[in-house]
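All remarks here apply to the structure that follows.
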Amino acid sequence: MSLFRPRIIPVVLIDRDGQAVKTISFNKRVYLGDPINIISLFGSFEVDELILLDIDATRNNRVISFDILRDIASEASMPFSVGGGISTIDDIDRVLSMGAEKVVLSDAVFTKPGFLEKASNRFGSSTISVCINIKKTLFKGYRLYLPYEKKVRKMDILQAAQFCQECGVGEIIIQSVDEDGRMEGYDQNIYRDVSSLIEVPIVALGGAEDIHGMLDLYKNTHVSGLAAGSMFVFSDKKNRGVLVNYPEITDIESVFVGQMRL
């Protein structure tokens, strides 16, 4: 990967049945098929890395299926991160032992006191990511949203990011619930202040439409990674035919060339 561009990261979601899906604003789901096939295709495209999330695990009071994870680990040719119901040290240990480069924690970070700090100390910051789901409120800005509870917390986006940083997290994924799956562009307001005030690397997720929109966010904020779901599994925003895709490395580099921050 060239030094002058950020990481471009596909996100694959799986449901309770182990099937790949894509959500829209965390509600409507579009069925995509076998996640193993999708990950195999991403491998052939030589993606930078990949994030795999089981979106039903926490709600069903379980961790991501280790049988599915074993199959995915055998197929994945790229570094990958795994999230979904991970809420104990043993969960983290087992996920990492199966080949994941990082774990992605979410709800448990904010509902289990001391968990994030303990995990960071035990496994090292570089293996721990936190996905902060945020939702825009009418008068109070962007607030932490816990999908399992289906409600907004009092903690705002900056407070949530600062908390994770203080607990030793290695990376923060900030996902917009409102923009999820819409392919209308990232909400730059979400990332501008947080990425300039937080020292931990920030990955943007939610709303990506195309590589030029990614460049725009990268130029105007301090995010270090650009993640997307719909952009890499649909042919276009209007018709949303399933088509797993990823830009050629040369195309990515030609778009980002000359844009390295000084």
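The values are calculated or read from the model by the stated rules, or taken from the named source; none is laboratory data. Computed from a predicted structure; not experimentally measured. Methodologically, a virtual Cβ is constructed for each residue, glycine included, from the backbone with ideal geometry; neighbour enumeration extends over all protein chains shown. Accessible surface is based on the protein model in full, side chains and every heavy atom, while ligands, DNA and RNA are left aside. Shrake-Rupley method; radii C 1.70, N 1.55, O 1.52, S 1.80 Å.
For residue 149, the requirement of being farther than 29 Å from residue 49 by Cα and in contact with a helix residue (DSSP H, G or I) (Cβ under 9 Å, 6 or more places away or on another chain) is met. Here region 193-250 is the region considered, the condition is being assigned to a strand (DSSP E or B) and of a type in the set (A, V, I, L, M), and the residue that is surrounded by the most Cβ atoms within 10 Å (Cβ to Cβ) is 204.
Can you find even one residue in region 164-171 that is under 12 Å from residue 223 (Cα atoms), touching a Lys or Arg at 6+ places or on another chain (Cβ under 8 Å) and assigned to a strand (DSSP E or B)? Yes. Filtering region 89-125 to residues that are part of a helix (DSSP H, G or I), β-branched (Val, Ile, Thr) and surrounded by 14 or more Cβ atoms within 10 Å (Cβ to Cβ) leaves 92, 95, 109, 111. Scanning region 31-44 for residues that are surrounded by 16 or more Cβ atoms within 10 Å (Cβ to Cβ) and more than 17 Å from residue 74 (Cα to Cα) turns up just one, 32. Checking each residue in region 126-160 for being surrounded by 14 or more Cβ atoms within 10 Å (Cβ to Cβ), outside any strand (DSSP E or B) and in contact with a strand residue (DSSP E or B) (Cβ under 8 Å, 6 or more places away or on another chain) picks out 127, 147, 157, 160.
Is it true that residue 184 is open to solvent by less than 50 Å² (accessible area, probe 1.4 Å) and in contact with a Gly (Cβ under 8 Å, 6 or more places away or on another chain)? Answer is no for this residue.
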